[in-house]
Structures are given as structure tokens and as C-alpha cells.
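Encoded as C-alpha cells, the structure appears first; notes follow it.
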Amino acid sequence: MSHIIGNIFEGLIQYTLLGVIVALLLMLILLILLHARNPVMAFLRIAPLRDKFDQLCELSDRLDESHIAKNPFGSAMWLSRLIWMGVMAAVGLMILWIVVTVIRG
């Protein structure tokens with residue numbers, strides 16, 4: 001019975017870790033796009049897509065207003081905090097996965 005419960009916990013941890021890794025990858029892509037906004041704007045030729053990206057850049061600038069005093073040359077500083085939280089969550093899940101694997105035997 002404990003073997004089944006251990007397998008269930010291990011599966012839940014693995015799928016949660018996979019979700020965190022996918023979210024981190026998407027946030028990293030967004031961070032790269034926001035950091036290189038001028039080349040991306042020059043690359044986008046389709047007007048609706050360019051408008052949506054411009055709205056995304058404006059939202060990022062509004063979210064960065066509180067971080068400008070600390071780092072005036074930074075971009076998407078609000079996103080870097082989320083990325084660090086995601087990395088900490090991934091490390092915690094890996095440690096939990098190791099513990100469950102060791103207990104399960």
C-alpha cells in the first residue's frame with residue numbers, strides 16, 4: 001500500500017515540477033523579448049501583432065515603475081522576481097522528489 005502512495009506522490013511531484021519548468025521557460029522567453037524590445041518591434045511586420053507587443057511593453061513599463069529607483073537601466077525587473085521564485089519552487093520540488101524516492105526505497 002505504501003508503495004502505491006509513494007508512486008502517486010512521486011508522480012504528482014514530477015508533473016508539478018514539469019509545470020514549473022514549462023512556466024519558467026515561458027517567463028524566460030518573455031524576459032528575452034522584453035529585454036530586446038526594439039529589435040523585436042523592428043522584426044514584427046503585422047500591425048495587430050505589433051500593437052499587442054507594444055501593449056505588453058507598456059504593461060511591463062508600468063509594472064517596472066517601482067523598480068526604476070533601484071535599477072534605472074533594468075527592464076522587466078518584475079519578471080525577474082517571478083523567475084527567482086519559480087527557480088526556488090523547482091529546487092524545493094527536486095528536494096521533495098529526492099526525499100520521496102529515498103523513503104520509497
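Nothing in this text is a laboratory measurement; each read-out follows from the coordinates by a stated rule. No experiment lies behind these values; they were computed from the predicted model shown.
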message: At q = 0.12 Å⁻¹, what log₁₀ I(q)/I(0) does region 2-104 have when each alpha carbon counts as one equal point scatterer in the Debye sum?
response: -0.57
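What is region 2-104's relative contact order, in percent, from Cα pairs under 8 angstrom and six or more apart in sequence?
Working: 55 pairs, mean separation 49.0, N = 103.
So the answer I get is 48 percent.
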- line: With Cα coordinates, the longest principal axis of the chain makes an angle with the long axis of helix 47-63, in degrees rounded to 10, of 70
message: Quick check: the angle from helix 77-104's long axis to the longest principal axis of the chain, C-alpha only, nearest 10 degrees?
response: 10
task: Quick one: among 34, 44, 25, which has the greatest mean-square fluctuation in a GNM of the chain with alpha-carbon springs under 10 angstrom?
output: 44
field: J(HN,Hα) series, region 15-29, from Karplus relation 6.51 cos²θ - 1.76 cosθ + 1.60, nearest Hz, glycine and proline x
entry: 5, 5, 4, 4, x, 5, 5, 5, 5, 5, 5, 5, 5, 5, 4
